[in-house]
Amino acid sequence: MRLSKKTLTDLGFYQVLDLIEKYLLCEDTKIELNKRGFISDKDQLIYLQDQIEDILSLLENPNIEKPNSFPSLSETFETLKITYQNIDGPNLYKVASFIDSSEKLLNFINEPNFNNKKSKNIAHLLNDVIDEDLIKFKNEVFYALDESGKVKESHPLIRALVKQVEKSKRERNTFTREFIKSNKNYLQSDLETLRDDRIVLPVRNDAKSKVAGFVHGSSSSGSTIFLEPYKLVEYNNSVVLAEQQIEIEIAKIYTSLSNMLREIKYSLKHLHTQIMNVDILYCFARWVKVNDCTRVSYEADKIKLLFAKHPLLGSKAVAISIEVDPSVKCVVISGPNAGGKTVTIKTVGLFSILNQYIGYIPCQEGSILPIFDKIYTDIGDEQSIEEELSTFSGHMNSLSKILKNSTKNSLIILDELGSATDPNEGGAIAQSITDFLLENSRYSFITSHLASLKHKAYVSDLMLNASMEFDEASHLPTFRVVCGLPGDSHAIDTAIRMKLPRVVIDKAKSYLGDGQLQIGQIVKQLENERKNVEKKTLELKAREKELIYLKKEVDLFRLKVKQKEYQLKNEQSTELSRYISKSRKDLENLVSKLVTGEINKDKTKAVKDFINNLDKKEKEVKKQIEKEEVEFEEEREPFTIKVGMDVLCGKSKREGVVLKPDGKNKWQVQVGSLKISFKEKDLYQAKPVVNAKKYSISYANETPRPKTNIDVRGLTLDKALEEVQNQLEACLIHNFNTFSIIHGLGDGILQTGIHDFLKKQSQVKDYHFALPKDGGMGKTYVIL
């Protein structure tokens, strides 16, 4: 998908891209990021989402070392194009640092995540790109050069030469001190001077004939000449030659490293390319994490944005939610000026672009977007002095290009369609354009104050009216989107809020007419009815949630009662067996005593009958217990056991999750923190709490997938604890074992309150502050 610069500018994509670029590891990647196109293939988008998700799982693990930044190699590659030119030390060191950072990035993407699984979607990206020659070059550079790119004095080839320089300087200094001491009468000072890196002596001008040597200059007054005695020339030369030898050796080291770099330049370029590819994914993941984005779903050909926050508005952003069914092709948004209409259509357009660029958007889990082949916009004032176009002419010129290029899979964003001209003619043109777009676009979003366009949307099954909510009490917009209801412009309310004179307001109402006022009142009544219905719906959902919870509690109670009943009967049977055993021994003792005395057949038979009756009673009780046990087991409904399934285990019916087959007709099950093997006949299907068909949609809405991190800064403690409680429930339902809470430092109320809450939760295994570089005491990691 190729988008025009105008569309990208109108929707603020370039500004968002500037924010994304800040998370790059390498400056060179900016060029590739700006050249990156938009994806129109669903499978490619899902693969991109999987790659980003893999990196997100690594970023969430505080025990994994994060990758380093990368130096730019653009200057180095330019120098490599010039044959036989040595690469300077700083650029050599940059290349070595780049290779070193590449190794750390490779280690990062090969680390296992919390589930001890490697990231299969990204681990292969750097495989076999860091070869032995690159590693060897890095080691040679780090061995020879310091961080500034200079050859280390500790280098073996340099160390001996440095010692030779120091020796020559010591000999020169000894000679100089002795010469000054023996010729101080001819010298202006007893301190030597450096000229052109050679030591010279300050000789008085009137004594220059007394000292033989080379003159290097004189003082400004001419009273002193700077002279290098002939013997000192030899010492200076020995120092210069020793220092030159170091320079020669340094040049050899640079030449050797430069030659090594030229031999590996193709491997380096390939590594550079792959690093930029991974850097883009890493950059996307960091932006997604910071902006609390979720991956877009493609399960339906519809638009569904849940609590979407425009990334350019920061803390001022008001979350909007909007859902458009596949049967609808055009949405007309109306409402008060400065009420958020333009921001809403820009959000839909920008998020559609971000979807096909990253696959993630700043929305709540469950948001859905189609994949478009083209996106066009007409937003803002199209007036052009250069082209002699008025505002209306400019809009018509832009719309002409859009209508000529629109396809049946295009998204069209039009702001204030039909404005800047006569309302009647503007309305006619707007309706005609809308008819065209219904036939030649997938979705179009239009903002307008035109009553004719709102009426058209009301009577057409292919169109949907939406409005920006307005608070009648405060006379201010709330910036919430209300679907299915046209909006009033609230121009009179805005004028009142702007404190226009009362006489002007009253006059405007008289000009407006009773009919128009009645329409406005009808819209307000409908809006109030909608709010009442919304309130009752929320109350019903809350009641439904409460009933579901109570039903679950009742079912669990019934199961526990039945289990307890079985347990008591089993205990009674055991107790009866012990009693019979004791009775048998007592009677045998009695028989033994009877044998010693006189006994007849009747007495002996009576004793045996007593024992037989006891045995018979024991068998009857055991048979009854076995019958009840079979009846209890017969309640087990036949079902197919699958890995990951929730089951009830054994006679105690403890909840567990099936892990894997464990032999013939056996399964390994996770029960709490234990892994236990059960026979298939001892596993029971965990009954769903609610009917799946009846409550599947409600369940999905009530238990969204947990977030990797939640931000409760700015909330009250009660509201923050509610967010944490919802997150814990979502984690348990979706088998999510870790997340982080950003609570900030502040005065410590949130931090202390959340920690006290977590301490009381049985499902919380551990919690701790983040590392300093990851938020420190302003962020808490929770492990379940």
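The values are calculated or read from the model by the stated rules, or taken from the named source; none is laboratory data. Bear in mind that the values here come from a model prediction, so they are computed numbers and not experimental data. Heads up, the Cβs are rebuilt from the backbone with ideal geometry, glycines too, and the neighbour counts pull from every protein chain shown. These area figures cover heavy atoms from the full protein model, side chains too; ligands, DNA and RNA do not enter into them. Shrake-Rupley method; radii C 1.70, N 1.55, O 1.52, S 1.80 Å.
Of note:
- Treating each Cα of segment 99-226 as an identical point scatterer and summing with the Debye formula, the log10 of I(q)/I(0) at q = 0.12 Å⁻¹ comes to -0.69.
- For segment 69-100, chymotrypsin sites (Phe, Trp or Tyr not before Pro) meeting the loop criterion (DSSP other than H, G, I, E, B) and having at most 14 other Cβ atoms within 10 Å: TYR84.
- Percent accessible area from carbon and sulfur atoms, segment 320-374, protein chains only, probe 1.4 Å: 50 percent
- FRET efficiency estimate (nearest 0.05) - Cβ-Cβ, ARG177 to SER223, R0 22 angstrom: 0.40
- Projected label distance in nm at LEU17 and ASN405, using a 7 Å step from Cα toward the beta-carbon: 1.6 nm
- Dipole of segment 246-297 [Lys/Arg +1, Asp/Glu -1 at C-beta], most positive-end residue of ILE275, TYR254, ALA285: ALA285
- Binned Cα-Cα distance frequencies in segment 188-317 - 5 Å width, integer %: 2, 8, 9, 9, 7, 6, 5, 5, 5, 5, 5, 6, 6, 6, 5, 4, 3, 3, 2, 1, 0
- Loop-resident sites, segment 13-79, for GluC sites (Glu not before Pro), counting at most 13 other Cβ within 10 Å (DSSP): GLU65
- Farthest towards the positive end of the charge dipole of segment 1-83, among the residues LEU24, SER4, GLN44, is the Cα of SER4, using unit charges on the Cβ of Lys, Arg, Asp and Glu.
- Length gained when the stretch ASP756-ASN185 is fully extended (0.36 nm per residue, less Cα-Cα span): 196.8 nm
- Rg(Cα)/(2.2 N^0.38 Å) for segment 23-172, N = residue count: 1.44
- Counting only protein heavy atoms and a 1.4 Å probe, segment 23-166 has 53 square angstrom of accessible area per residue.
- Within the accessible area of segment 1-154 (1.4 Å probe), percent carbon and sulfur: 45 percent
- Lys/Arg +1, Asp/Glu -1 at C-beta; segment 223-362 dipole; positive extreme among SER327, LEU313, GLN245: SER327
- With a Förster radius of 25 Å applied to the C-beta separation of SER393 and SER452, the computed FRET efficiency comes to 0.70.
- GLN763 paired with ALA319, simple spin-label distance in nm, labels 7 Å along Cα-to-beta-carbon: 2.0 nm
- Chain lengthening between LEU312 and ASP196 when straightened (0.36 nm per residue, less Cα-Cα): 35.8 nm
- Counting 0.36 nm for each residue step from SER419 to ARG497 and taking away their Cα separation leaves a gain of 25.7 nm.
- Inter-site label distance for SER72 and ALA428 at 7 Å from Cα along Cβ, in nm: 5.8 nm
- Backbone N under 13 Å from the THR537 label point (7 Å along Cα→Cβ), restricted to segment 323-342: 323-324
- Alpha-carbon Rg/Rh ratio, for segment 134-184, with Rh computed the Kirkwood way: 1.35
- Annotation for segment 152-224: GluC sites (Glu not before Pro) lying in DSSP loop with at most 15 further Cβ atoms inside 10 Å of their Cβ are GLU153.
- Between the beta carbons of HIS216 and ARG262, assuming R0 = 45 Å, the FRET efficiency works out to 0.55 to the nearest 0.05.
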